[in-house]
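Structure record follows, encoded as structure tokens.
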Amino acid sequence: MTKTQFVPEKDPSATLGATRKVMGGGISVGPATHLAEERSRLGELTWSHFEVTQVGSTLGAEISGIDLTTDLSDAVISEIQLALDNYKVIFFRDQDLTSDQHVAFAKRFGDLEIHPFIPSNTGVPELVRFEKTAEVAGYENSWHHDVTWREAPSMGAILHGIELPPVGGDTLFSDMGAAYDGLPDEIKAQIDGLTAEHDFMKSFGHTVPEDRKAETREMFPIVQHPVVITHERTGRELLYVNRNFVNRILGISDEESTALLSYLCDQAATVEYQIRFHWQPHSIAFWDNRAVQHYASSDYWPQRRVMERASIVGSRPR
């Protein structure tokens with residue numbers, strides 16, 4: 001499949017007309033008609049090595065008929081990658097992976113990151129462990145891409161649900177291609193060529209001891225990424241700013257940056273661009289960190305929730 005197969009020949013907003021109108025108070029309403037072409041394209045895809053059930057309008061698919069604990073062929077791995085390219089986030093059920101199997105599966109898609117701030121699984125440094133209890137509440141309930149403060153942020157992440165609360169603890173994903181396509185033409189023109197400043201200190205600064213902040217800043221300097229990036233495999237244009245790590249948009253005044261950044265970050269919260277995944281024990285979510293933002297719902301305290309994540313090294317966004 002070539003890049004042109006991912007990108008509509010015409011701008012959906014031009015073909016289908018304006019989608020969402022801004023009402024009083026800045027509230028956008030109206031049908032997201034620009035989603036129709038992508039939804040239809042995804043519905044026509046066929047697969048050779050597993051079954052796929054599309055679960056969202058422009059993102060999300062559940063893959064069945066495959067056992068991730070086995071040594072999968074290169075052809076199967078290639079088709080999983082193609083499914084990820086198309087659906088942006090894919091899900092697997094009843095995959096009772098050991099930590100070693102989790103890492104082995106993730107490594108089929110590239111080298112793995114070691115996160116410098118979040119504790120790993122004991123003995124398996126490639127796995128970040130999120131263990132939430134009555135004493136340690138979840139705090140990841142904000143829309144974000146992972147580690148955009150890196151010069152080369154993660155390509156993707158594979159999250160394994162190990163212990164889940166009986167109610168709550170869902171993860172939401174939002175399609176940043178749909179978010180970009182849905183912007184008014186004047187906003188697209190305004191943000192064309194702009195860059196944003198990404199800084200780990202915005203979310204992780206409080207975890208760094210005062211006497212190590214200068215050293216840590218040297219290791220992880222502020223980086224700049226385009227406000228709109230082009231997906232290296234699909235050619236799709238993607239909105240690429242998030243509240244967790246972006247300080248400001250460069251090249252405009254502070255006041256303009258604050259207003260524009262708020263508006264752009266709000267796009268992830270548009271329900272029509274989202275999917276909500278309800279976890280079960282040994283479910284797997286594999287998302288494209290460039291194409292989607294995610295949000296971990298922290299609605300399950302004081303129940304226990306244990307997850308492990310492997311993150312795949314990416315390239316510098318362009």
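Bear in mind these aren't lab numbers, they're just calculated from the coordinates by the rules spelled out. None of these values were measured; they are calculated from a predicted model. Here Cβ is always computed from backbone atoms with ideal geometry, including for glycine, and neighbour counts include all displayed protein chains.
Only DSSP H runs of four or more residues enter the estimate; each adds -39500 (n - 2.57), and after division by the residues of the chain the mean residue ellipticity at 222 nm equals -6000 deg cm²/dmol. The GNM of the chain, with springs linking C-alpha atoms under 10 angstrom apart, assigns the highest mean-square fluctuation among THR171, THR70, THR58 to THR70. Normalised by the number of residues in the chain, the mean separation of alpha-carbon contacts (under 8 Å, six or more apart) gives a relative contact order of 31 percent. Taking Cα centre as origin and charging only the Cβ of basic (Lys, Arg, +1) and acidic (Asp, Glu, -1) residues, the dipole magnitude of the chain rounds to 260 debye. Each principal axis of the Cα atoms in the chain has its own extent, and those three values, largest first, are 55, 51, 35 angstrom. Taking Cα centre as origin and charging only the Cβ of basic (Lys, Arg, +1) and acidic (Asp, Glu, -1) residues, the dipole magnitude of segment 81-147 rounds to 140 debye.
Positive contributions from Lys and Arg (+1) and negative ones from Asp and Glu (-1), summed over other residues with Cβ under 12 Å from the Cβ of ILE66, come out at -4. Just to confirm a number: summing +1 for Lys and Arg and -1 for Asp and Glu over residues other than ASN121 whose beta-carbon lies under 12 angstrom from that of ASN121, what do you get? In short, -2.
With the charge dipole of segment 56-214 set up from +1 on Lys and Arg Cβ and -1 on Asp and Glu Cβ about the Cα centre, the Cα lying farthest toward the positive end among the listed residues SER142, LEU97, LEU72 is that of SER142.
Highest GNM mean-square fluctuation, the chain, Cα pairs closer than 10 Å: which of GLN190, GLN81, GLN293? Checking each option, the largest mean-square fluctuation is seen for GLN190.
Considering only TRP279, LEU172, VAL241, and ranking their Cα positions along the charge dipole of the chain that arises from unit charges at the beta-carbon of Lys, Arg, Asp and Glu, the one farthest toward the positive end is VAL241. Other residues whose C-beta falls under 15 angstrom from the C-beta of SER257 contribute a net charge of -3, scoring Lys and Arg +1 and Asp and Glu -1.
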